[in-house]
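The values are calculated or read from the model by the stated rules, or taken from the named source; none is laboratory data. Bear in mind that the values here come from a model prediction, so they are computed numbers and not experimental data. No Cβ is skipped: glycine too gets one built from the backbone with ideal geometry, and neighbour counts run over all protein chains shown.
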Amino acid sequence: MKIKVVESVMKANDAVAEANRRRMRAAGVLAVNIMSAPGSGKTTLLEKTIPALAPLRSAVLVGDLQTSRDAERLGGLAAQTTQINTGRGCHLSAPQVAAGLDSLDLGQVDLLFIENVGNMVCPAAVDLGEHRRVVLLSVPEGDDKVAKYPTLFQPADAILLTKMDLAELLGFDRRRIDDDLAAINTSAVRIELSPRTGLGMDLWLQWLRQEHSRYGTAAG
Ligand code: MG
Ligand code: ZN
């Protein structure tokens, strides 16, 4: 019985996710779901990314259990920003994103960043209606995380190794990441980033612009 309940909740979520996807598609909005552990630099990355993407117009839905601190950090960037507090919830759900979309003027948006709740487990299993999935892994978390959290990395379209300026100091082995990804995901773009020093930001911005322009011309 319990399994049936869980299945029907997931089905309800997925129906809303499909509606979110169609709604954003109709508005010409490319939605990017950003996932990682807490503290890997999602908000910092968005702070550097959004101004650099202009004239593309960004909006952000930020998921956190409590506080509106991340939305406040992003609110000064001339991007429409909405904070979603999940209370005890450890991931965003499609209905929460649908409510977030109601708060945005989608006609004025080219790219929507959905900053998921910091968590490496369940966000990967919950479709929000996004068009692209981006996963951050920061160097201090360790080079064993791809092998430990394959469900997060397997469906990613882009994998960003962040805080790479600390790699030498912390003995982070990039080859270990590549070896582990070879078994589960060989199609994702991989970018070494340091928003602090600017390393890799050009590649990241180029990927976003390219995905946006491809999406604008694609039928699906
Ligand atoms: Mg954040
Ligand atoms: Zn969760």
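Overview of results
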read-out: Residues of region 19-56 satisfying the condition of being within 17 Å of the chain's Cα centre (by Cα) and within 19 Å of A99 (Cβ to Cβ); value: N20, R21, M24, V29, A31, V32, N33, I34
read-out: Residues located in region 26-49, provided they are in contact (Cβ under 8 Å) with a residue 40 or more places away in the chain and away from ligand 1 (no atom under 12 Å from the Cβ); value: A27, G28, V29, L30, A31, V32, N33, K48, T49
read-out: Residue check, L65 touching a Cys at 6+ places or on another chain (Cβ under 9 Å) and among the aliphatic types (A, V, I, L, M); value: yes
read-out: Residue in region 190-206 that is over 16 Å from the mean Cα position of the chain (by Cα), crowded, with 18+ Cβ neighbours inside 10 Å, among the hydroxyl-bearing types (S, T, Y) and modelled with pLDDT under 95 present; value: yes
read-out: Residue match in region 113-124 (condition: surrounded by fewer than 21 Cβ atoms within 10 Å (Cβ to Cβ) and more than 28 Å from T82 (Cβ to Cβ)); value: no
